[in-house]
Amino acid sequence: MIRFFLMVNKQGQTRLSRYYEHVEINKRTMLEAEVIKNCLSRSKDECSFIEYKDFKLVYRQYAALFIVVGIDQTENEMAVYELIHNFVEVLDKYFSRVSELDVSFSVSEIHLI
C-alpha cells in the first residue's frame, strides 16, 4: 500500500504532498524533512529504494524534481518505480513539457487518487 507521495525540488522544498493514511501535521513536517534528506544525499549510482523506519522509500529524479513514494514492506518496489515514471509521463503530456513551476502553480489541478 502507498503511504505517501511527495514531489520535492533539489533545494528540499516540498512541491506536492499527498498522504494516504492519517499523519499529524507536525509529524508530516518531520517525516518530509528526514525523507528528503535521505533521498537528496544519495548519489545517482545508488539504488532508488531505501529501507526507512517501518516502510520503504522509492524515488526517481527528473531534472530538478524528486518524486518520492513511501510504501509498505509488502509492496513491489519495481511496480512503484514504474508508477512514478508513468505519472511523470502523464504530467508531461498534460502540461506539454512539465516543469517545477507547472507543479508549483497547478497543484490544485492535480488530483491523485
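The values are calculated or read from the model by the stated rules, or taken from the named source; none is laboratory data. The shown structure was predicted, so the numbers you read here are calculated from the model rather than taken from an experiment. Positions of Cβ are generated from backbone atoms using ideal geometry, with glycine treated the same way; all protein chains shown enter the neighbour counts. Ligands, DNA and RNA are excluded from the accessible area calculation, which covers all protein heavy atoms including side chains. Shrake-Rupley method; radii C 1.70, N 1.55, O 1.52, S 1.80 Å.
Counting just the residues of the stretch 56-102 that are surrounded by fewer than 19 Cβ atoms within 10 Å (Cβ to Cβ) and in contact with a Leu (Cβ under 8 Å, 6 or more places away or on another chain), which one comes out modelled with the highest pLDDT?
Taking the candidates together, the pick is 100.
So, restricting to strands (runs of 3 or more DSSP E) that lie completely within the stretch 4-103, which ones have at least 2 residues that are out of contact with any His (no Cβ under 9 Å at 6 or more places or on another chain) and aromatic (Phe, Trp, Tyr)?
49-52, 55-62
Taking only the stretch 31-48 into account, find how many residues are in contact (Cβ under 8 Å) with a residue 24 or more places away in the chain and either of a type in the set (Ser, Thr, Tyr) or in contact with a Ser or Thr (Cβ under 9 Å, 6 or more places away or on another chain) (or both).
Qualifying residue count for the region: 4.
Quick check, is residue 111 modelled with pLDDT under 85, more than 11 Å from the chain's Cα centre (by Cα) and not aromatic (Phe, Trp, Tyr)?
yes
Scan the stretch 85-93 and tell me whether some residue there is among the polar types (S, T, N, Q) and under 13 Å from residue 8 (Cβ atoms).
No: zero hits.
Scan the stretch 13-47 for residues that are open to solvent by 70 Å² or more (accessible area, probe 1.4 Å) and hydroxyl-bearing (Ser, Thr, Tyr) and report the count.
3
Within the stretch 43-77, track down each residue that is under 18 Å from residue 14 (Cβ atoms) and basic (Lys, Arg).
Across the stretch 43-77, the qualifying residue is only 60.
What residue, of 10, 27, is closer than 21 Å to residue 73 by Cα and not aliphatic (A, V, I, L, M)?
Exactly one of 10, 27 is closer than 21 Å to residue 73 by Cα and not aliphatic (A, V, I, L, M), namely 27.
List pairs: first in the stretch 1-23 and within 16 Å of residue 88 (Cα to Cα), second assigned to a loop (DSSP other than H, G, I, E, B), Cβ under 7 Å, 6+ apart or cross-chain?
5/112; 9/64; 16/110; 18/112
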